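Contents: one structure, followed by commentary.
The values are calculated or read from the model by the stated rules, or taken from the named source; none is laboratory data. Bear in mind that the values here come from a model prediction, so they are computed numbers and not experimental data. Glycine also receives a Cβ, built like all others from the backbone with ideal geometry; neighbour counts cover every protein chain displayed.
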Amino acid sequence: MNLRKLYYLMLIIPLFFFYTGCADDDTVDPPVVVNEAEVLTKYIVDNDNPLVNHTALTMIKASGVDANITAGVDQFVIDIRSQEAWDAGHIKGSVYVNASGVLAYYEEHNLQERASVVIACFTGQTAGWVTSLMHMMGYTNVKDLKWGMCSWNDATADKWKANIKNGFPLVQTAKAKPAAGDLPDLNTGETEGVDILRARVEAVFAEGFGVSAVSNTSISNHFIANYWNETDYSWGHVDGAMQYSPNAAFTLDGALETLPTDQKIAVYCYTGQTSALVTAYLRVLGYDAQSVLYGVNAMSYDDMPGTKFYPDTDIHDYELIVAP
C-alpha cells in the first residue's frame, strides 16, 4: 500500500466511527402513549374508590360532629368558608383552610392518622367537592358536614334558608341518552393511574369550586344530567335532563361515555351536595362538569319527593366559637 492510500484510509476510519456513534446516540425508546382518561378511570375503579359508587358514606350530620366533640372522639374539623366567616363563629377546635389548600394541609399535618376529618363549608356543597377529591386520593377518613354550617347554628344558616325555592318548571317527558363516544383527552404527561390521578386532583383543586358550580337559571345550554333513580326521575325533572342512576352510572361499564367532551355538563340532585361530589369526580376525568347549586331544593321544594333541608329540624343551636 502506498503512502497516499494509507493517508486516505486514516482519514476515513475516524469518520466511520463518528457516524456509527451518532447513530447509536440517536436510538431512544419511543415515548409511551396511553389513553390517560381510560387508564385513570380503570385505576379508580380497580382501587375500589367509594366515589365510583356514590353511596353517601362521605357525609356526617351536625349532630354527629357535636356528639364527637362531647365524647372526645378523635375528630379534626377543617372549615373552608373564609377567614372572616371562621372568625365570626366556628366549630370548637376547627381550623380555617382555603378549599384549594386542603390536600396540602391534610398531607402536611398527617391527617390520615386521625379517625375522622370533617370538612365544613357554608352549605355542604363546596365541602362535598373537597371530600370527593380527597376520597379519590384514598383519604377516606374525610367527611362532608351535611348542610354545612347552615345546620350548626341559626346564626350561620342564612344561605340555605335563602335558597329554599319553588316555581322552577319540571317535566315528566323522558329524554334518552346519546350514544357512547370518546373519553376526554387528558394530557398530564403521566402514564400510570396513580400519577395521572395525582396530577388531575391537584389541577381540580387549583381551579377551585367556582368553575364547578352553576345556578339553575344558567343551564339552558348545558348537557343536563339528572343524578336520581328512575322512579324519582319519572316524578319530574329539568326539561331536557337525562337520567343517570347513582352508584354505577359514571363508569366505563356504565354510561360514562355518553357524556359529551365538548359541552358543559350540569349535574343536579336534590341538595347540590351529592352532585358536588359527582362533579369533582367528573372534572378529574376531564369533563367540563358543573354542580347545580342547591339542587331541586331551589326548584320545587314543596313538591319534591327527595331530601329536603328542613329549617325547623336541620338547624341546631350548637356552640359557635368567636375568634379573639
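A residue that is at pLDDT 95 or above, of a type in the set (Gly, Ala, Ser) and part of a helix (DSSP H, G or I) occurs nowhere in the stretch 23-32.
Taken over the stretch 298-324, the residue count meeting the criterion of being out of contact with any Phe, Trp or Tyr (no Cβ under 7 Å at 6 or more places or on another chain), within 17 Å of residue 164 (Cβ to Cβ) and either among the basic types (Lys, Arg) or surrounded by 10 or more Cβ atoms within 10 Å (Cβ to Cβ) (or both) is 6.
Could you grab me the full set of residues in the stretch 106-136 that are small (Gly, Ala, Ser) and part of a strand (DSSP E or B)? The answer is 116, 120.
Would you please list the contacts, defined by Cβ atoms under 8 Å and residues six or more apart or on different chains, that run from a residue in the stretch 248-265 that is under 18 Å from residue 35 (Cβ atoms) to a residue that is modelled with pLDDT of 95 or more and among the β-branched types (Val, Ile, Thr)? That search, which allows pairs on different chains as well, returns 259/265. With the requirement that a residue be closer than 17 Å to residue 91 by Cβ and surrounded by 24 or more Cβ atoms within 10 Å (Cβ to Cβ), what does the stretch 119-142 give you? Within the stretch 119-142, 119, 120, 121, 123, 124, 126, 127, 130, 131, 142 qualify. Selection within the stretch 55-90: residues that are hydroxyl-bearing (Ser, Thr, Tyr) and touching a His at 6+ places or on another chain (Cβ under 8 Å). The member of this set that is farthest from residue 142 (Cα to Cα) is 63. Cβ separations smaller than 7 Å between residues 6+ apart or across chains give the following pairs from the stretch 118-146 residues that are more than 28 Å from residue 193 (Cβ to Cβ) to residues that are in a helix (DSSP H, G or I) and charged (D, E, K, R): 122/159; 123/159. Residues of the stretch 67-84 that are surrounded by fewer than 17 Cβ atoms within 10 Å (Cβ to Cβ) and touching a helix residue (DSSP H, G or I) at 6+ places or on another chain (Cβ under 9 Å): 73, 74. Applying the selection to the stretch 183-209, what residues are among the aromatic types (Phe, Trp, Tyr) and either part of a loop (DSSP other than H, G, I, E, B) or surrounded by fewer than 16 Cβ atoms within 10 Å (Cβ to Cβ) (or both)? Within the stretch 183-209, just 209 meets the criteria. Do the conditions hold for residue 156, that is, is it touching a Gly at 6+ places or on another chain (Cβ under 9 Å), within 21 Å of residue 277 (Cα to Cα) and β-branched (Val, Ile, Thr)? The answer is no for residue 156. Quick check on the stretch 255-264. Is at least one of its residues within 16 Å of residue 160 (Cβ to Cβ), modelled with pLDDT of 95 or more and of a type in the set (Lys, Arg)? Among the residues of the stretch 255-264, not one is within 16 Å of residue 160 (Cβ to Cβ), modelled with pLDDT of 95 or more and of a type in the set (Lys, Arg), which makes the answer no.
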